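Only one structure is covered here, and it is reproduced in the block below.
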Amino acid sequence: MQAKSIKGNSPETIQAALAQSMTDGFKPTLAIVFLSIKQDRAAICTILGKEDIAIYGATTNGEFIDEELGKESVAILLLDIDKAHFTILLDDFNNKNYRDVSKALAEKALQSFAHPAFLVSCSEISTDAEEVLHGFEEVIGEQVNVFGGLAGDDYNYTEQFVFTNGKESNAGIVAVALNEEKIFIKGRATCGWNAAGTTKTITKSEGRRVYTIDDVPALDITAKFSGIKNVTEENKDLIMEMATNFPLQLQKENGASVMRPAYQINWDDHSYICSGLMPQGSKVRFSLQPDFDVIEKVIQECELLKATEMPDADAVIVYSCAGRLISLGPLMANEIEGIKNVWKVPMVGFFSNAELARATNGNLEMHNITTCCVVLKERTPSAP
C-alpha cells in the first residue's frame with residue numbers, strides 16, 4: 001500500500017496538492033479527510049470524487065499531517081488500497097439509537113469481510129460512543145478492532161459533521177470497514193496524565209451525572225483538590241480548566257482507568273456531567289496537571305507498539321483529544337512530531353471530542369484527554 005498526505009487551506013490548494021501527488025502515477029482509492037467546519041466540504045468531496053476516490057471524513061477541532069498543526073484547514077491521507085479490501089459506511093443516529101446503528105453497520109461489513117476492522121467517526125457531541133462500541137462488539141465479538149474519534153467544530157460545540165461521497169450527517173457515523181485478512185491494523189490509546197491523591201468513590205450518580213464523591217458534592221471536592229479559587233457560575237473558564245487540567249480517572253474492574261472529564265456543571269446541587277458513564281459505587285482518582293512527561297509517555301507507547309506489534313507501517317492515523325491541545329498548547333507539536341518519527345510514514349490526524357480505542361486492559365473504550373495512534377500495513381502474500 002502506498003500512502004501520501006496532503007494539506008491545504010482551500011479547495012483550490014487541495015486540488016493542486018492532489019494533482020501533484022499523482023504526477024508519479026500514484027492512484028489513490030481512499031481519502032481520509034479531516035477538515036475545519038469552515039471549509040467547503042462539498043467542494044473537497046467533488047474534487048476527490050472526480051478522481052474516483054472514496055472518502056471517510058470528519059470535521060475537526062484542528063487537523064494535521066505533520067508537526068505543524070493546522071487551524072481551519074484541510075488534512076488528507078491518500079491511500080491506494082485495493083477497493084476490494086475496504087468499504088465505506090454512513091448512517092444517521094435516528095432517535096439516538098446508537099447501538100442499533102453500529103450493529104447494522106457491523107452486519108453490513110460482515111457481508112463483505114469475514115474479519116472486518118473499523119475506522120469510525122461520529123458527529124453530534126452528545127453521541128453515546130460507548131453504546132456505539134457495544135454495537136460492533138455484539139455483532140462481531142469482543143475481539144473486533146475499532147478506532148476513531150468524535151468529530152469537532154473548531155471548539156464551538158454546536159454542530160459537527162461526518163461525511164463521505166455525496167452524503168453527510170450532523171448526527172451520525174461514518175466508518176471505513178477494512179478487511180483484516182488483507183490489512184494489518186494496530187492501535188494504542190495513551191493519556192499520560194498522572195493520577196494523584198487517594199482512590200475515591202462515586203457515592204451518588206446517574207448515567208453521566210456525578211452528584212457526590214465520597215459523599216461530598218462533585219464540584220466541591222474537585223475544587224478542593226485542584227485549588228481552583230474562582231468556583232462561581234460567572235467564571236466561564238471554570239469547566240474547561242477542570243476538564244483539561246484535573247479530569248477524573250475512572251478505574252475499571254481490572255485496575256485500568258479511562259479519563260472522564262466534566263463538561264457541564266449543575267449549580268443547583270454542584271453536580272456535574274462527565275464525558276461518559278460514571279456508575280455509582282465506582283472508583284475514581286483525580287489527575288495532576290500535565291507536563292512534558294505526558295507527551296513522552298505517548299511517544300514511548302508508540303515505540304512499544306512498533307517494537308512488539310507493528311515494526312513496519314504504510315500509514316498512521318492519529319485521533320487526539322481537543323483537550324490535549326488546550327492543556328499542552330504548542331507542546332502538542334512535539335507529540336505529533338514524536339509519533340511521526342516512530343514509523344516515518346505518511347500521517348494524518350485531528351483533534352477530536354472523544355477517542356475510541358482499546359484501553360490498557362484490552363477492552364474497547366471511549367477515551368478523553370487521550371491520543372489514539374492507529375497504524376496500517378498491507379499484508380504481503382507471505383504474511384500470516
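Taking only the range 66-92 into account, find how many residues are modelled with pLDDT under 95 and either among the hydroxyl-bearing types (Ser, Thr, Tyr) or surrounded by 22 or more Cβ atoms within 10 Å (Cβ to Cβ) (or both).
The number of residues fulfilling the criteria is 1.
Report, by residue number, each residue of the range 4-56 that is in contact with a Pro (Cβ under 6 Å, 6 or more places away or on another chain) and either on the phi > 0 side of the Ramachandran plot or part of a loop (DSSP other than H, G, I, E, B) (or both).
Residues satisfying the conditions are Asp40, Ile53.
Would a scan of the range 1-20 turn up a residue that is farther than 19 Å from Lys71 by Cβ and touching a Lys or Arg at 6+ places or on another chain (Cβ under 7 Å)?
Within the range 1-20, not a single residue is farther than 19 Å from Lys71 by Cβ and touching a Lys or Arg at 6+ places or on another chain (Cβ under 7 Å).
Please enumerate the residues belonging to the range 225-237 that are over 16 Å from Asp269 (Cβ atoms) and either modelled with pLDDT of 90 or more or among the acidic types (Asp, Glu) (or both).
Selection gives Glu234, Asn235, Asp237.
Regarding Met332, is this residue buried (at least 24 other Cβ atoms within 10 Å of the Cβ) and either in the same structural domain as His85 (by TED's automatic domain parsing) or among the aliphatic types (A, V, I, L, M) (or both)?
Spelling it out, it is not the case that Met332 is buried (at least 24 other Cβ atoms within 10 Å of the Cβ) and either in the same structural domain as His85 (by TED's automatic domain parsing) or among the aliphatic types (A, V, I, L, M) (or both).
When the residues of the range 323-373 are filtered to those that are among the polar types (S, T, N, Q) and touching a Leu at 6+ places or on another chain (Cβ under 6 Å), which remaining residue is farthest from Phe286 (Cα to Cα)?
Here the answer is Ser352.
I need every pair where a residue in the range 266-280 that is over 8 Å from Arg208 (Cα atoms) has its Cβ under 6 Å from the Cβ of a residue that is assigned to a loop (DSSP other than H, G, I, E, B), sequence separation at least 6 or different chains.
So the pair list comes out as Trp267/Glu233.
Does Asn165 count as closer than 25 Å to Ile37 by Cα, without any contact (Cβ under 8 Å) to a residue 60 or more places away in the chain and among the polar types (S, T, N, Q)?
No: the conditions fail for Asn165.
Suppose the filter is on the phi < 0 side of the Ramachandran plot and crowded, with 17+ Cβ neighbours inside 10 Å; does Ala262 pass it?
For Ala262, the condition - on the phi < 0 side of the Ramachandran plot and crowded, with 17+ Cβ neighbours inside 10 Å - is met.
Give me a count of the residues in the range 265-285 that are under 18 Å from Met366 (Cα atoms) and not in a loop (DSSP other than H, G, I, E, B).
5
Going residue by residue through the range 12-32, is there one that turns out to be in the same structural domain as Cys321 (by TED's automatic domain parsing) and within 17 Å of Asp153 (Cβ to Cβ)?
No, the range 12-32 contains no residue that is in the same structural domain as Cys321 (by TED's automatic domain parsing) and within 17 Å of Asp153 (Cβ to Cβ).
Would you check if Ala117 is more than 23 Å from the chain's Cα centre (by Cα) and either on the phi < 0 side of the Ramachandran plot or touching a residue at least 24 places away in the same chain (Cβ under 8 Å) (or both)?
no
For Val298, are the conditions met, namely being closer than 25 Å to Lys4 by Cα, modelled with pLDDT of 95 or more and not basic (Lys, Arg)?
no
For the subset of the range 120-161 comprising residues that are more than 19 Å from Asn97 (Cα to Cα) and more than 16 Å from the chain's Cα centre (by Cα), which member is surrounded by the most Cβ atoms within 10 Å (Cβ to Cβ)?
Among those that are more than 19 Å from Asn97 (Cα to Cα) and more than 16 Å from the chain's Cα centre (by Cα), it is Val144.
Quick one: would you say Arg324 is under 20 Å from Tyr157 (Cα atoms) and either surrounded by fewer than 18 Cβ atoms within 10 Å (Cβ to Cβ) or outside the structural domain of Glu206 (by TED's automatic domain parsing) (or both)?
Yes; evaluated as a whole, the condition is true for this residue.
Step by step: first the residues of the range 104-114, then only those that are of a type outside the set (D, E, K, R) and either over 22 Å from the mean Cα position of the chain (by Cα) or not assigned by TED's automatic domain parsing to the domain that holds Val162 (or both), then the one that is surrounded by the most Cβ atoms within 10 Å (Cβ to Cβ). Which residue is that?
The selected residue is Phe113.
Has the range 214-229 got any residue that is assigned to a strand (DSSP E or B), in contact (Cβ under 8 Å) with a residue 12 or more places away in the chain, crowded, with 17+ Cβ neighbours inside 10 Å and in the same structural domain as Ala262 (by TED's automatic domain parsing)?
Yes, there is a match, as at least one residue in the range 214-229 is assigned to a strand (DSSP E or B), in contact (Cβ under 8 Å) with a residue 12 or more places away in the chain, crowded, with 17+ Cβ neighbours inside 10 Å and in the same structural domain as Ala262 (by TED's automatic domain parsing).
Name the single residue that is surrounded by the fewest Cβ atoms within 10 Å (Cβ to Cβ) among those in the range 344-369 being assigned to a loop (DSSP other than H, G, I, E, B) and among the small types (Gly, Ala, Ser).
Gly362
Please state which one of Thr190, Thr199, Thr222, Thr244 is among the hydroxyl-bearing types (Ser, Thr, Tyr) and under 30 Å from Leu30 (Cα atoms).
Going through Thr190, Thr199, Thr222, Thr244 in turn, the sole match is Thr190.
The values are calculated or read from the model by the stated rules, or taken from the named source; none is laboratory data. As the structure is a prediction and not an experimental result, all values here were calculated from the model. FYI the Cβ positions are ideal-geometry reconstructions off the backbone, even for glycines, and counts take in every protein chain you see.
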